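The values are calculated or read from the model by the stated rules, or taken from the named source; none is laboratory data. These figures come from a predicted structure and were not determined experimentally. Here the Cβ is made from the backbone with ideal geometry for all residues, glycine too, and neighbour counts use every protein chain on show.
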Amino acid sequence: MKDEAPIDLQPLDPGEPRDLVKGAVRRFRLRFVLFTVVAIVGAVALTAWAASIVIQSRNLAEARESIISPPQRAVAEDLVGYTCMTPTYALEGIDVTLLQSAPMPGGGWAVHFVVDGNGSPLTSEREGGPFWTTLVLVSAGTQGRVSVQPGATWGETYIAVPAAAGRRFEIQVLDNHLDSAGTFTVDLNDVLCAP
């Protein structure tokens with residue numbers, strides 16, 4: 001064996017260089033703070049986005065409530081299909097057809113009518129303004145206006161029939177100048193297929 005002196009590794013030990021540790025700690029703190037700030041800003045942005053969707057859906061629901069009348073909603077949501085017959089009532093110059101009927105929440109009926117002018121427009125100029133055909137429920141004062149474009153020969157309306165009127169009620173057809181085209185009686189007992 002040779003006599004060799006042990007290798008001195010002491011000069012290779014850098015010890016704890018202060019500048020190296022300080023920089024690493026500083027970079028760690030900076031990254032931690034940046035991650036925390038980004039996480040908080042992201043959470044706030046996500047919460048704001050979710051809140052805007054909830055508010056927007058509420059606004060759409062309120063807009064739908066104001067656009068669609070309760071009788072329209074009742075007929076649209078009717079899944080049973082209560083009307084088996086669609087009787088047509090011939091009046092002076094127009095035909096009125098009962099297209100659909102459905103029970104209203106809280107009682108009464110929603111009825112959907114189509115008014116046909118038999119080729120003649122439902123609107124015309126009279127005394128400086130157009131007039132529209134209006135269906136009026138005689139027994140309770142409820143009315144539905146047939147809103148159509150000028151020159152249209154047909155239109156539709158929805159009327160809410162109160163529970164007090166029962167299943168038999170009179171409908172009077174008027175224009176907005178209160179000129180009557182006639183009256184007819186609707187008997188839902190003859191039209192409905194479900195009790």
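Here are the numbers for this structure:
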| read-out | value |
| --- | --- |
| Number of positions in the range 70-102 that are in a loop (DSSP other than H, G, I, E, B) and either more than 14 Å from L192 (Cβ to Cβ) or among the aromatic types (F, W, Y) (or both) | 7 |
| Those residues of the range 131-166 which are of a type in the set (A, V, I, L, M, F, W, C), within 18 Å of G182 (Cβ to Cβ), modelled with pLDDT under 75 and not in a strand (DSSP E or B), in sequence order | W132, V138 |
| The range 184-195, subset modelled with pLDDT under 85 and not in a helix (DSSP H, G or I), residue surrounded by the most Cβ atoms within 10 Å (Cβ to Cβ) | L192 |
| Subset of the range 66-122 (residues that are surrounded by fewer than 20 Cβ atoms within 10 Å (Cβ to Cβ) and over 30 Å from G151 (Cα atoms)) | E77, D78, L79, V80, G81, Y82, C84, P103, M104, P105, G106, G107 |
| Near pairs, Cβ below 6 angstrom, 6+ apart or cross-chain, from the range 1-29 (in a loop (DSSP other than H, G, I, E, B)) to any residue that is modelled with pLDDT under 65 | none |
| Tally, over the range 103-120, of residues that are outside any loop (DSSP other than H, G, I, E, B) and under 25 Å from A90 (Cβ atoms) | 8 |
| Members of the range 73-112 found to be of a type in the set (S, T, N, Q) and modelled with pLDDT under 80, listed by number | T83 |
